[in-house]
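So the structure is just underneath, and the comments pick up after that.
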Amino acid sequence: MGSTPPITFGGLSSNLPVNDIITKLMDVERRPITLMQQQKQKLSAESAQYDVSRTRLVTLQGSIKKLAVSSILESDPFQSKTATSSDTSAVSVSVGDSATPQTVTLKVNSLATATKATSQNQIGRLLTGSNLLSDVSQRTIRSGNFTVYVNGTANTIAVNDSDTFDDVLGRIDAISGIDSATVDGTGKLNLAFANGTQVKLGSNADTSNFLSVAYLDTGVATSTSITSSNATNTLNLSADISDNSAARLQTAVTAGSTFKIGTASFDTSGKSIIDLLDEINSATEANVVAVYNTAANKLELTNKTTGSTNIYLEDTSGNFLSAMGLIVGGNSTAGQTLGSNADFLLNGAQFYSTSNTVTESVSGLTGVTLNLTGTNTTAATISIARNNAPLKESAKKFVDDFNKVISFIDQQTDAETGVIRNRSTLVNLRNQLRSLVSKSVSGLSEYNSLPLVGISTGAPNESTSGSASTTLQFTETTFDKALANNREEVEQLFKGSGGIFTQLKSLVDAALFDDPTDVKDGIFAASASSITAKQKNLDDSIKRTEARLTAKEAQLRSQFAMMDKLTSQYQSQGTAISGLAAQLRANR
């Protein structure tokens, strides 16, 4: 737009509406700019529709590529296979595109198991009567009470954090009918009573979990005693392992001990058992799962891979693994139970595998993975067959994407209503796409065109005045029949060197080609470049015209100002002459 004109007072002498006159004159002069702005808006609308057309064609490109190109990065719908097992409790099956359709039998005699290393002694210090309740750090004992029934009479025993186990056992011992309540040398609690005395522990009114933590709620009962089902220990998993007064280990760990599991190295400095377990489980090179078994009071290492392979253990300095009972007298395999290999019969032939996931390198079944999950007495039947579902889904998607592209191009290039009706590039692309989907492929005898396999525009009908529809249709029954009769020829029709989808891919790829380093552009890149150039030319023209009109408006205002000045002079002269004439008449 031109610059804002200065404030003027038009026609003071001439009484003419100068500003209105100049505005109307300039409106006429600005008509070319208005037309150029309208052209810019039209070009922007065309660009937007080209973008939508390109987006839809990119989607179609993906559908075409699925049916035209075999890639190691994507599954080939023509080669897709499916597998079933008659006994999924023993074996499940997964297959790749390279699998061969066939039926095999599989009998699983035994599964592969993993090697496990277990502490050969309890590692945490066992409970004694002098220990505080709070010394059992792994399972916190709540303050409160619990109930001991003797011959049906309820006796409430109170406990709190400051108690020792002897304190609590003394209260139980004081109950009439209880002969003794002690901690034995194995860390278990024992209640003794006379034969014929009925002793029951716990009620739903208890507020302390003492019986549970001491394993008395699951205790072993005889006619004269109740003994904890497991030993209680005082190991502190969170304490620095080199501070044995805090960690409370059976065997103290030498400060700064280092050790190896597998090829992974570890240092105990400043760490607790929990810290070390986390490090071991995070170390890929260790290749084990490490846990502390609270009930057994032992460390357990389980190999992450199955098979009869030992876990490598070494105290490189100090005695950590020895203190944990994983190495005994220098023997690092003393606590290890070797895993076993899977044993199975495939079509009656004996096979062994270190893993329950049996790949083709073991079974010889190309593209087949057998997942052994259990044993069976009757061999399972495994069937591998072609899977047409992905291929049909790909064909349906192509038809849908093709119709969306054609419909949009038809709409946008419509001679009367289309936004880009004067552009032949999209019309030519549409015509080429339509031509290819009905084209025949030479060298094929039975299925040489898409309509013969169920991808067609359908039969002529009354709604289209006797002509076939321009919308593709997919007839699944025809497609299934063609695949059953001659799958290889259908594949050649689709993706052979002269196949329909091979040609469609070349056409669409060329239309979408856009490489700034290459002088050859696809229709969309070329159109975008052309539209951008036209918009720039229009901007330049508008800018030049605006400058010219600014000068033109200034010239008009100068001319009207001069005219007004002359009019004022003429009016002054006329006034003077009229006064002189009046004076002359008076002097007669």
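The values are calculated or read from the model by the stated rules, or taken from the named source; none is laboratory data. The shown structure was predicted, so the numbers you read here are calculated from the model rather than taken from an experiment. With ideal geometry, Cβ positions are generated from the backbone for all residues, glycine too; neighbour counts draw on all protein chains shown. Just the protein is used for accessible areas: all its heavy atoms, side chains included, with ligands, DNA and RNA removed. Shrake-Rupley method; radii C 1.70, N 1.55, O 1.52, S 1.80 Å.
Quick notes on this structure:
- Rounded to the nearest 20 debye, the dipole magnitude of the chain is 3380 debye, with +1 charges on Lys and Arg beta carbons, -1 on Asp and Glu beta carbons, and the Cα centre as origin.
- Within the chain, longest stretch free of exposed GluC sites (Glu not before Pro) [DSSP loop, at most 15 other beta carbons within 10 Å]: 75-284
- Surface share of carbon and sulfur [accessible, 1.4 angstrom probe, percent] for the chain: 50
- Against the chain, whose longest principal axis is taken from its Cα atoms, helix 476-495 shows a tilt of about 80°.
- At full extension, SER578 and VAL58 could sit 178.5 nm farther apart than now, given 0.36 nm per residue minus the alpha carbon distance.
- Extension gain from ASN371 to THR251, taking 0.36 nm per residue of separation minus the Cα-Cα distance: 38.9 nm
- Per-residue ellipticity at 222 nm from helix content only, as computed over the chain with -39500 (n - 2.57) for each DSSP H run of at least four residues, stands at -12500 deg cm²/dmol.
- Each Lys or Arg adds one and each Asp or Glu takes one away; over the other residues whose Cβ falls under 11 Å from the Cβ of SER143, this sums to -1.
- Around LEU538: net Lys/Arg minus Asp/Glu count, Cβ-Cβ under 14 Å: +2
- In sequence order, region 147-161 has phi-based couplings of 10, 10, 9, 10, 6, x, 8, 7, 10, 8, 10, 8, 9, 8, 4 Hz under the Karplus curve 6.51 cos²θ - 1.76 cosθ + 1.60, θ = phi - 60°, and Gly or Pro positions carry x.
- Using the 1.4 Å probe convention, the accessible area of the chain works out to 51 Å² per residue with neighbouring protein chains retained.
- Between the beta carbons of THR207 and VAL289, assuming R0 = 45 Å, the FRET efficiency works out to 0.75 to the nearest 0.05.
- ARG557, ARG142, reordered so the largest accessible area comes first (probe 1.4 Å): ARG142, ARG557
- Taking the chain and dividing mean pair separation by its residue count, relative contact order in percent (alpha carbons under 8 Å, at least six apart): 20
- Subtracting the Cα-Cα distance of SER98 and LYS24 from 0.36 nm times their residue separation leaves 18.7 nm of extension gain.
- Cα gyration tensor of the chain - equivalent ellipsoid semi-axes, whole Å, descending: 90, 49, 24
- Seen against the Cα atoms of the chain and their longest principal axis, helix 424-437 is set at about 50 degrees.
- Other residues with beta-carbon under 10 Å from the beta-carbon of PHE479 carry, at +1 per Lys or Arg and -1 per Asp or Glu, a net charge of +1.
- Charge dipole (debye, nearest 20) of region 471-588; +1 at Cβ of Lys and Arg, -1 at Cβ of Asp and Glu: 1660
- Using alpha-carbon coordinates, inclination of helix 389-412 to the longest axis of the chain, degrees: 20
- Extreme residue, positive dipole direction of the chain, given options ASN319, ILE406, VAL136 (C-beta unit charges): ILE406
- Residues whose amide H falls under 5 Å from that of LYS188, counting only those 5 or more places apart or on a different chain, are THR232, with hydrogens built in the peptide plane.
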